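What follows is a short report on a single structure.
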Amino acid sequence: MAGKSGREISAVPEGGLKEKLLTWEGALVLIFVAVNILGMIISPVYNATNVLREMPKYLAEAFMVFGMGYILVLGDIDISVGSIVCLSATMACFAGNAGMPFVLVALVCILTGLVCGLINGIIASRFTELPTMIITLGTQIIFRGIAEVSLGSGGSISMNNTDGLSAIASKIGPFPISFFILVIAAVVFITILAKTTFGRKLYAIGSNQTAAKYAGIDVQGIRCLCFTLLGCLSGVSALFLLSTLYGANTTTGNGFEMEVIAMCVFGGIATTGGKGNLIGGFIAAFIIFCLKIALGQRNINTQLILVIIGMMLILSVVIPAISAAIPKKKKLK
Amino acid sequence: MNVAEDLILELKGITKIFPGVKALNNVQFQLRRGEVHALMGENGAGKSTFIKVITGVHNAEEGQMYLNGKEVHFKGPLDAQEAGIAAVYQHPTSYPELSVTENIFMGHETVKGGIIQWREMNEKAQELLDSLDADFKATDEVGALSVAQQQMTEIAKALSSNAQIFILDEPTAALTANESEKLYGIVDKLREDGKSVIFISHRFEDMYRLASRVTVFRDSQYIGTYDVDGISNADLIKAMVGREITDMYPKEKIELGKEIFRIEGMSRTGFFKDVSLNVRAGEIVGLTGLVGAGRTETIESVCGITKPDAGKVYLEGKELNIKKPEDAMKAGIILLPEDRQKQGLILSWGLGRNVTLPIQDELASNGFNDEKKERELSKERLEEVDTKAVTIFQPASSLSGGNQQKVVVAKALAQSNMKVVIMDEPTKGIDVGAKKEIYEIMGQLAKKGYGIIMISSEMPEIIGMSDRVYVMRNGRVSGCLDRSEVTQERILELSMEQGSSGNGGKTA
């Protein structure tokens with residue numbers, strides 16, 4: 001039943017090098033360079049050695065960017081990850097102080113995160129009419145609550161045997177181990193989202209959940225899986241955070257969820273779902289780390305750093321919106 | 001018609017064009033003061049659009065509207081409301097969380113010195129409800145009321161704004177017999193109070209019980225206005241459906257194979273009950289009935305979108321266990337959903353990706369998308385159905401309705417394991433040319449031996465394309481007609497509520 005008009009439809013991909021560079025990711029690379037130049041201008045001690053020395057405590061957070069990116073592409077959100085980090089770190093300390101070998105401690109840390117994420121995922125996929133913002137607001141309070149109850153009146157716990165943690169905090173050349181793991185994770189997660197059928201399904205669900213369902217995609221199964229994955233990655237973050245803190249307390253991981261969401265959004269992932277990619281989120285994470293390090297070296301107040309990051313976040317959302325509106329106005333004339 | 005009659009509302013030469021479709025074509029309508037006037041026609045005849053023109057929701061491209069003899073131009077619904085025209089829809093669009101009083105006075109609250117006078121408003125609302133013999137209180141929450149009570153709230157709201165013309169859009173469709181009787185009483189009362197009423201209904205009983213005149217629309221055109229006393233059921237049905245069938249429907253005689261698909265005893269509480277049907281290879285089976293008869297709901301359960309309470313599905317003699325949409329698709333049952341923009345397509349995506357979405361796993365190697373294969377296959381399928389597009393990368397939102405539907409068809413064709421195709425309202429809202437192309441594709445699919453189920457509210461295509469027609473009414477199959485015995489009258493008879501009051505409510 002060939003088309004009777006014989007009309008041909010082009011299947012040649014469009015867009016050359018110019019289009020590829022003019023993306024938000026391209027802009028983020030420039031911003032990254034600019035932030036580093038700025039760092040060198042405002043702080044005399046801002047150099048590669050110092051940045052790498054301060055990097056590990058920030059790198060830990062970055063693992064969650066991948067899972068959060070997936071969740072945001074789905075059109076969902078998870079604001080419980082900070083609490084998951086807290087609970088995972090707490091459980092790992094208990095495990096370590098109970099004399100478990102480090103491999104098991106690491107496993108406890110990651111599994112705690114996985115179970116928390118699974119709980120989020122089960123609730124989100126069973127009660128589809130509930131907004132995930134509310135579900136994870138609930139579990140945010142619950143997970144941290146469990147951690148606080150476990151920590152008891154002291155409100156903190158230290159790892160007695162730090163050998164294992166020191167081992168994962170060690171360096172290969174000038175780079176911490178976590179940096180290499182993070183880069184490998186980045187390659188894997190970016191590739192999955194951009195190149196695989198699984199990644200395509202995430203975009204389909206985020207763009208039109210109903211159409212995705214009608215196309216035979218297991219929407220709720222995938223949502224559940226992604227929440228579990230993010231929980232698991234939060235456990236990984238907790239482990240690397242422990243390797244810099246050697247302990248946990250009731251405020252561990254406080255505010256991480258917002259920082260991680262901010263990195264994703266700054267990286268160009270829309271909270272409405274179906275748009276953006278992890279390359280942007282990954283670069284955005286490093287922009288924020290470098291900014292924090294540079295401003296921290298100048299002893300600039302932490303709160304002020306947050307103000308600056310908040311402003312950058314809003315600009316990152318506003319600028320594309322404005323630039324998208326400009327050509328439309330021209331056309332109207 | 002009598003020139004001197006007292007017309008409260010008159011519309012002349014109304015034409016309303018939606019992109020690609022003439023929804024109203026030079027229609028006219030006259031409403032006498034104090035009259036109850038029925039507006040009838042098939043689904044899609046243009047009744048609802050016409051109502052929306054009267055209520056200012058749509059602006060007509062051509063035509064004049066006279067209210068009390070003076071020409072009026074409504075820019076929006078607010079203008080119509082201020083002019084005394086009130087519409088009550090089948091599913092009232094009220095604020096469910098608020099009280100009856102708040103709903104009635106929404107936008108025109110009684111205010112003294114900047115303070116809302118709740119007690120006064122509650123009293124006034126209660127008076128209105130009492131005048132309608134309502135069995136609920138003004139302080140009740142609207143969301144907790146039944147559909148009938150919500151409609152009554154809407155009518156009370158219209159009364160409070162001093163409306164003179166009441167438009168009731170299928171008011172009895174969701175009501176029980178008792179509730180309908182109550183509504184009749186209210187309409188009688190409105191008439192006694194000198195109000196004028198237009199109502200749309202598929203039930204002949206409503207018309208005989210209430211209306212003095214009936215206007216019939218068909219195919220977006222005005223057919224005629226008749227005195228209810230002087231028209232027989234048969235004449236009315238003819239007026240509603242009577243149309244010559246031309247070669248619009250390229251149905252070829254195909255040797256039917258053996259049974260390929262069967263559903264047995266499908267039930268889902270509140271939606272459909274004990275639905276059974278079967279399809280043979282090469283057969284086009286029509287599934288029709290009024291909107292809300294349970295056709296789409298049945299099919300969605302068959303395809304694993306919703307869970308049925310009971311029922312079996314057989315494909316080529318083997319029973320299938322369908323739990324989710326994927327199961328139906330893997331088995332080869334492909335659904336082209338009713339709402340192509342929400343269910344069928346991802347509008348922001350390119351055409352190509354839409355086409356290959358259900359089969360990307362099959363084309364992929366080791367979980368990685370094979371973009372080259374996807375591009376080639378989607379290009380081939382899109383050209384096969386003659387989609388008017390420039391590139392496979394343009395977003396689906398950039399196409400017209402007819403071409404969007406072709407993309408949905410291409411998406412189905414891309415699934416090589418397809419055995420049964422279920423098309424839900426495949427030509428809804430698309431222009432005549434694209435319609436015919438969709439029919440041609442259907443004919444070709446039948447020729448290739450697929451089993452086809454076509455759900456449609458459009459009689460001509462049901463009659464023109466189907467080998468057999470199942471008619472549903474109130475969630476049940478009310479009859480199955482062979483091609484040789486199918487007529488528009490028979491279908492209408494099977495799909496409509498039979499009149500029970502005995503005053504001429506028997507269908508022809």
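The values are calculated or read from the model by the stated rules, or taken from the named source; none is laboratory data. Everything numeric in this text was worked out from a predicted model, so none of it was measured. Positions of Cβ are backbone-derived with ideal geometry, glycine not excepted, and every protein chain shown enters the neighbour counts.
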TODO: Pick out the one residue from B:Asp274, B:Asp235 that is in contact (Cβ under 8 Å) with a residue 60 or more places away in the chain and surrounded by fewer than 20 Cβ atoms within 10 Å (Cβ to Cβ).
DONE: B:Asp274
TODO: Only one of these is more than 14 Å from chain B (Cβ to nearest Cβ) and within 22 Å of A:Arg126 (Cα to Cα): A:Phe240, A:Phe227, A:Phe198. Name it.
DONE: A:Phe227
- [ ] Name the single residue, out of those in segment B:381-391 being within 7 Å of chain A (Cβ to nearest Cβ) and part of a helix (DSSP H, G or I), that is surrounded by the most Cβ atoms within 10 Å (Cβ to Cβ).
- [x] B:Leu382
TODO: Looking only at segment B:392-419, count how many residues are surrounded by fewer than 21 Cβ atoms within 10 Å (Cβ to Cβ), modelled with pLDDT under 90 and not in a loop (DSSP other than H, G, I, E, B).
DONE: 3
Open item on the list: Tally up the residues in segment B:341-380 that are in contact (Cβ under 8 Å) with a residue 12 or more places away in the chain, facing chain A (nearest Cβ under 7 Å) and of a type in the set (S, T, N, Q), please.
Closed with: 2
Open item on the list: Condition check: touching a Gly at 6+ places or on another chain (Cβ under 9 Å), under 19 Å from A:Gly267 (Cβ atoms) and surrounded by fewer than 22 Cβ atoms within 10 Å (Cβ to Cβ). Does A:Gly75 satisfy that?
Closed with: yes
- [ ] Quick one: which residue in B:Met459, B:Met465 is at pLDDT below 85, crowded, with 21+ Cβ neighbours inside 10 Å, hydrophobic (A, V, I, L, M, F, W, C) and outside the structural domain of B:Glu374 (by TED's automatic domain parsing)?
- [x] B:Met459
Open item on the list: Out of the residues in segment A:201-217 meeting the condition of being in contact (Cβ under 8 Å) with a residue 12 or more places away in the chain and more than 7 Å from chain B (Cβ to nearest Cβ), tell me which one is farthest from A:Asp76 (Cα to Cα).
Closed with: A:Ile217
- [ ] Please find, within segment B:205-244, the residue that is modelled with the highest pLDDT out of those that are in a loop (DSSP other than H, G, I, E, B) and acidic (Asp, Glu).
- [x] B:Asp219
Task: Count - residues of segment B:468-489 that are touching a residue at least 12 places away in the same chain (Cβ under 8 Å), surrounded by fewer than 20 Cβ atoms within 10 Å (Cβ to Cβ) and not in a strand (DSSP E or B) - done: 5
Task: Test: B:Leu256 is at the interface with chain A (Cβ under 9 Å from one of its Cβ atoms) and either within 26 Å of the chain's Cα centre (by Cα) or modelled with pLDDT under 95 (or both) - done: no
TODO: Run B:Ile54 past the list (1) in contact (Cβ under 8 Å) with a residue 40 or more places away in the chain; (2) farther than 30 Å from B:Phe29 by Cα; (3) touching a Leu at 6+ places or on another chain (Cβ under 8 Å) and report the number of the one that doesn't hold.
DONE: (2)
Task: Of residues in segment A:253-273 being within 14 Å of another protein chain (Cβ to nearest Cβ) and over 21 Å from A:Gly26 (Cβ atoms), the one surrounded by the most Cβ atoms within 10 Å (Cβ to Cβ) - done: A:Gly273
Open item on the list: Of the residues B:Glu82, B:Glu71, only one is loosely packed, with under 15 Cβ neighbours inside 10 Å and touching a strand residue (DSSP E or B) at 6+ places or on another chain (Cβ under 6 Å); which?
Closed with: B:Glu71
Open item on the list: Among (1) assigned to a helix (DSSP H, G or I); (2) under 23 Å from B:Glu35 (Cα atoms), there is one condition B:Gln150 misses while meeting the rest; what is its number?
Closed with: (2)
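Conditions tested, residue by residue: (1) outside the structural domain of B:Ala410 (by TED's automatic domain parsing); (2) at pLDDT 95 or above; (3) in a loop (DSSP other than H, G, I, E, B).
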position	(1), (2), (3)
B:Glu297	yes, no, no
B:Ile305	yes, no, yes
B:Ile322	yes, no, yes
B:Glu338	yes, no, yes
B:Gln341	yes, no, no
B:Val355	no, yes, no
B:Ile359	no, no, no
B:Glu362	no, no, no
- [ ] Would you mind stating whether B:Lys312 is more than 9 Å from chain A (Cβ to nearest Cβ) and farther than 13 Å from B:Lys411 by Cβ?
- [x] yes
